[in-house]
Amino acid sequence: MKLLSVIVPCYNEQENIRDFYDELMKNEAFFKERDVDIELVYVNDGSTDKTVDMVKELNNKDKRVKLVSFSRNFGKEAAIYAGLEKTAGDYVVIMDCDLQDPPALLPEMYKAVEEEGYDSVATRRVNRKGEPPIRSFFARMFYKMINRMSKTEIVDGARDYRFMTRQFVDAVLSVKEYNRFSKGIFGWVGFKNKWIEFENVERRKGETKWSFWKLFIYAVDGIMAFSTIPLSFAAFTGLFFCLFSFVFIIFTIWRKLAFGDETNGWPSLVCIISLISGIQLFCIGIVGQYLSKTYTEVKKRPLYIVKEEI
Ligand code: UDP
Ligand code: MG
């Protein structure tokens with residue numbers, strides 16, 4: 001008998017716990033036929049609603065349902081990592097609780113691994129139907145930018161919904177960084193990967209946990225985790241302005257010698273000073289951002305703290 005571990009990060013998903021279970025178990029027969037047991041691990045990311053009670057209720061009826069509960073909200077990345085660490089399945093799949101990751105794709109994913117020899121099967125949405133246009137616009141910009149800046153390919157519309165072999169999971173777990181950006185790490189570890197596309201499905205119940213601001217921070221973190229180009233930007237603009245001022249100094253001295261002293265030029269002085277000090281602060285800011293990441297990395301705090309496990 002082999003084991004498929006399904007990891008589901010949940011943050012205030014009380015309305016979806018039961019629905020998810022029902023939808024997932026529609027695949028039960030398929031996997032039973034192939035001698036694969038399913039275990040379902042809900043990772044409660046510090047929910048303040050009845051999420052934990054709902055999971056316990058399911059666990060009373062079906063022992064294949066398990067719970068890892070955090071002491072507070074640590075974020076989805078931490079929940080994914082905890083799920084990968086706590087499960088021992090021969091196959092592991094990560095899915096959202098709100099049914100935006102259709103469980104009906106699982107048989108196809110399993111076949112890609114077992115019959116076609118892939119190590120992981122990833123999914124991407126081909127459209128962003130039902131999403132506010134402005135959010136889609138910024139999301140597209142983000143993917144364009146990060147792919148220009150990073151050597152690891154980060155696919156537009158990629159979900160965290162991914163079917164993995166044990167070997168692939170162990171590789172992901174060996175990446176021990178604190179500031180995790182799973183979408184990048186999955187690509188970084190390599191292996192043979194297949195992409196499956198599907199139409200965007202709207203969240204079943206409840207509301208999205210991602211505000212625009214949270215997404216913006218996530219995007220900046222992603223770029224910083226997979227690229228050091230912003231740092232080079234600081235260095236190159238510095239170099240550019242050094243060359244520029246060198247030419248400007250020579251020009252100013254030449255003008256003074258040729259035409260004598262002039263006291264005008266005050267507006268240009270103000271412009272240059274404010275422009276350059278703006279760029280300087282911006283560059284110091286970039287360096288500061290990387291420094292703060294390095295700081296949290298060096299502290300080596302645990303990614304999450306477990307309060308309860310069933
Ligand atoms: N989630 C989580 N911790 C958080 C935020 C979200 O575990 O701090 C979970 C959430 O319960 C859901 C998944 O991550 O299962 C995706 O969240 P959501 O549906 O809100 O994001 P969206 O689909 O809108 O990008
Ligand atoms: Mg969702």
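Observations on the structure shown:
- Filtered residue count, the stretch 101-134, keeping only those that are under 16 Å from the mean Cα position of the chain (by Cα) and within 16 Å of ligand 2 (Cβ to nearest atom): 4
- The stretch 75-89, residues that are within 16 Å of ligand 2 (Cβ to nearest atom) and surrounded by 21 or more Cβ atoms within 10 Å (Cβ to Cβ): Lys76, Glu77, Ala79, Ile80
- Note on the stretch 1-99: enclosed helices (runs of 4 or more DSSP H) holding 1 or more residues that are over 24 Å from Thr123 (Cβ atoms) and more than 13 Å from ligand 1 (Cβ to nearest atom) are 51-61.
- Residue in the stretch 66-74 that is surrounded by 15 or more Cβ atoms within 10 Å (Cβ to Cβ), away from ligand 2 (no atom under 16 Å from the Cβ) and hydroxyl-bearing (Ser, Thr, Tyr) present: yes
- Under the condition of being in contact (Cβ under 8 Å) with a residue 24 or more places away in the chain and either part of a helix (DSSP H, G or I) or closer than 15 Å to Asp90 by Cα (or both), the residues counted in the stretch 109-129 number 10.
- For the stretch 190-204, a tally of residues being out of contact with any Asp or Glu (no Cβ under 8 Å at 6 or more places or on another chain), hydrophobic (A, V, I, L, M, F, W, C) and either more than 16 Å from ligand 1 (Cβ to nearest atom) or farther than 19 Å from Asp98 by Cβ (or both) returns 1.
- The C-beta contact set for the stretch 90-108 (first residue farther than 17 Å from Val36 by Cα, second residue within 8 Å of ligand 2 (Cβ to nearest atom) and among the β-branched types (Val, Ile, Thr), distance under 9 angstrom, 6+ apart or interchain) comprises Asp98/Thr208.
Values quoted throughout were computed directly from the atomic coordinates according to the rules given, and no laboratory measurement underlies them. Remember, predicted model here, so these are calculated numbers, not experimental data. Methodologically, a virtual Cβ is constructed for each residue, glycine included, from the backbone with ideal geometry; neighbour enumeration extends over all protein chains shown.
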